Amino acid sequence: MHHVISSAQYLAQDSEPWINTDTFINLFWANTIGGLEYGSIYALVALGYTLVYGVLKLLNFAHSEVFIYGAYATWFTFFLLGFRPGPTPELPVGELIAYLVLAVIVAMLVSGTTALVLERVAYRPLRNRGAPRLAFLITAIGASLILQQILFLWRGSNPEQAIRLLRPETLFNVGSASVQNLTVIIVVASVLMWIWAETFVNRTRF
C-alpha cells in the first residue's frame, strides 16, 4: 500500500531550502494518492456508521470492531486456505478471484453475525424498554470495549502480518508518485459500495 509521508519527514531529508517547487509537487502527489487510498478505507467504515444511524438513529461506537472482525475473518480464510504472510504467490486470475470472493463472503457472514448478536444482546433490550438515547450511547461504548478486549485476549495487541494474494504493481505515475493496482482496487471498490448503498437506501422500498 502507498505510504503517506509527512511534510516534516520529507523536508527533513531534503538538504535544499524548504521552499522548493519540485519538493512541494512530489509531496503533494504522494500524499494525495495515499490520502485517496486510506480515505477510501475509512469511507467504507463511515458508510456503515451512516447506514446504522440513518435507520436506527443510533451512534454505534462498536461498528469499528464489527469491521475489524470482518478483516480478521478474511485473514483467517486466507490462512486456512494455506496462504501465509510473506512473499506474494503467483495465482491464476480465476483462482485469485475465487479466493477473494470466498474471503469476502466469509467476512460478510462473520461481521454480519457479530452485528446481529450485538443488536440482539445490547441494543434490542434497550429499545424494548424505551430507554433514553444516553443509555444507547453508553451501551455502544461498552460493547466497543468488550469486542476490543476479546480480540486482545485472543490475538494480543501486536498487528498481524498481512497475507497478500495480489502482488503490488505500479500501473502509472502521477508526477513522481506511483499509483499501484491495490490503490486502484481499493478506491474503485469504495466508490462502488457507496453507489450501491445510495441506490439501496434511496431508490428501493426496503
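Observations, loosely collected:
- Rounded to the nearest 500, the 222 nm mean residue ellipticity of the chain from helices alone is -23000 deg cm²/dmol, with -39,500 (n - 2.57) taken per DSSP H run of at least 4 residues.
- Trypsin sites (Lys or Arg not before Pro) within the stretch 55-144: DSSP coil, no more than 10 neighbouring Cβ in 10 Å: Lys57
- The C-alpha radius of gyration of the stretch 65-167, expressed as a fraction of 2.2 N^0.38 Å, stands at 1.36.
- Largest mean-square fluctuation among Pro85, Pro132, Pro159, in a Gaussian network model of the chain whose springs join Cα atoms under 10 Å apart, belongs to Pro159.
- Of Val187, Val117, Val45, the one that fluctuates the most in a GNM where the chain has Cα springs shorter than 10 Å: Val117
- Taking every Cα-Cα distance in the stretch 58-109 and sorting them into 5 Å bins starting at zero, the pair-distance distribution P(r) comes out as 4, 19, 23, 22, 14, 8, 5, 3, 1 percent.
- Spin-label pair Met108/Tyr49, simplified geometry with 7 Å Cα→Cβ offset, distance in nm: 2.4 nm
- Residue among Leu166, Leu47, Leu80 with the largest mean-square fluctuation in a Gaussian network model of the chain, springs linking Cα atoms under 10 Å: Leu80
- Contour minus Cα-Cα distance for Ala135 and Ala162 (0.36 nm per residue): 6.0 nm
- For the stretch 99-169, the set of GluC sites (Glu not before Pro) satisfying both a DSSP loop assignment and a count of at most 13 other C-beta atoms within 10 Å is given as Glu160, Glu169.
- Listed values for the stretch 150-166 are Karplus-derived 3J(HN,Hα) couplings in whole Hz (6.51 cos²θ - 1.76 cosθ + 1.60, θ = phi - 60°), namely 4, 5, 4, 5, 7, 10, x, 9, 7, x, 6, 6, 5, 9, 9, 9, 10, and x replaces Gly and Pro.
- Over the chain, the reciprocal of the mean inverse Cα-Cα separation, the Kirkwood hydrodynamic radius, stands at 20.0 Å.
- Estimated FRET transfer efficiency when R0 is 45 angstrom, pair Gln148-Leu192 (beta carbons, to 0.05): 0.95
Read-outs throughout are calculated quantities, based only on the coordinates presented, and are distinct from any laboratory measurement. Only a predicted model underlies this, so the values are computations on that prediction, with no experimental measurement involved. Every residue, glycine as well, gets a Cβ built from its backbone with ideal geometry; the counts of neighbours run over all protein chains shown.
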